[in-house]
Amino acid sequence: ERVEETYIMVKPDGVQRGLVGEIISRFEKKGFKLKGLKLFQCSKELAEEHYKDLKAKSFFPKLIDYITSGPVVSMAWEGVGVVASARKLIGSTDPLQAEPGTIRGDLAVQTGRNIVHGSDSPENGQREIALWFKEGELCEWTPVLAPWLRE
Ligand code: DAT
Ligand code: MG
């Protein structure tokens with residue numbers, strides 16, 4: 001059982017639509033630990049680095065415009081199995097295919113406006129947290145509920 005970290009981001013549409021609290025709440029209620037949180041307007045350069053694996057895709061320029069179109073909420077979450085679990089909580093990339101009960105399944109309708117990002121591997125979790133957060137922006141702390149979440 002390996003403790004992992006994942007980078008979760010409320011995209012500009014999620015912020016504009018007033019869904020920040022709702023989205024944070026899903027991860028809080030599940031029982032993961034928040035390690036970093038900020039409202040942030042990202043540069044084109046950062047957005048391109050974040051999505052560098054998609055550079056060759058036809059939708060890449062639109063994706064970069066979308067992600068830089070307004071502030072995002074950047075989060076680092078920690079937990080055993082948090083990377084895969086967060087992806088399940090988020091749901092499929094296309095919100096119309098995402099199951100009800102997931103964030104995208106409940107709150108979005110289009111791939112180009114799918115309101116939230118989650119890292120797809122522990123390695124990318126580390127990479128993306130290092131990309132979006134500066135040193136000193138993450139907190140090491142012990143939630144008092146820890147013994148009630150894991151035996
Ligand atoms: P995910 O965000 O579910 O990890 P991804 O990493 O494949 O999905 O793609 C990153 C983002 O790029 C995705 O959230 C929305 C956008 N995107 C992906 N596929 C797309 C497509 N076919 N058309 C338009 N935008 C797309
Ligand atoms: Mg992805």
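Take the conditions in a helix (DSSP H, G or I), within 16 Å of ligand 1 (Cβ to nearest atom), in contact (Cβ under 8 Å) with a residue 40 or more places away in the chain and more than 24 Å from Pro147 (Cβ to Cβ) and apply them to Ile23. Does it pass? Considered against the rule, which asks whether it is in a helix (DSSP H, G or I), within 16 Å of ligand 1 (Cβ to nearest atom), in contact (Cβ under 8 Å) with a residue 40 or more places away in the chain and more than 24 Å from Pro147 (Cβ to Cβ), Ile23 comes out as yes. Whenever a residue of segment 48-60 is more than 11 Å from ligand 1 (Cβ to nearest atom), its partners that are not basic (Lys, Arg), lying with C-beta atoms within less than 8 angstrom and at least six residues away or across chains, give the pairs Glu48/Ile64; Glu49/Leu131; Lys55/Glu48. Applying a threshold of 7 Å to beta carbon distances and a minimum spacing of six or more residues, or different chains, the list of pairs starting in segment 106-119 at a residue that is at pLDDT 95 or above and ending at one that is open to solvent by 70 Å² or more (accessible area, probe 1.4 Å) and assigned to a loop (DSSP other than H, G, I, E, B) reads Val109/Leu96; Thr111/Thr93; Asn114/Thr93. Restricting segment 68-100 to residues that are in contact with a Gly (Cβ under 7 Å, 6 or more places away or on another chain) and part of a loop (DSSP other than H, G, I, E, B), the residue that is surrounded by the fewest Cβ atoms within 10 Å (Cβ to Cβ) is Glu99. Based on this model, can you work out whether Phe32 counts as farther than 15 Å from Glu128 by Cα and at pLDDT 95 or above? So Phe32 fits the description; yes. Tally up the residues in segment 109-149 that are of a type in the set (S, T, N, Q) and farther than 20 Å from Phe60 by Cα, please. Total satisfying the criteria: 3.
With the requirement that a residue be assigned to a loop (DSSP other than H, G, I, E, B) and surrounded by 13 or more Cβ atoms within 10 Å (Cβ to Cβ), what does segment 113-142 give you? Asn114, Ile115, Ser119, Asp120, Ser121, Phe133, Glu137, Leu138 - these are the residues of segment 113-142 that are assigned to a loop (DSSP other than H, G, I, E, B) and surrounded by 13 or more Cβ atoms within 10 Å (Cβ to Cβ). Here is a check on your reading of the model: is Lys55 open to solvent by 10 Å² or more (accessible area, probe 1.4 Å) and over 22 Å from Glu135 (Cβ atoms)? Yes, satisfied.
The values are calculated or read from the model by the stated rules, or taken from the named source; none is laboratory data. A quick note: this is a predicted structure, and the numbers were derived from the prediction, not measured. Cβ atoms come from the backbone with ideal geometry, glycine included; neighbour counts cover every protein chain shown. Only protein heavy atoms, including side chains, enter the accessible area calculation; ligands, DNA and RNA are left aside. Shrake-Rupley method; radii C 1.70, N 1.55, O 1.52, S 1.80 Å.
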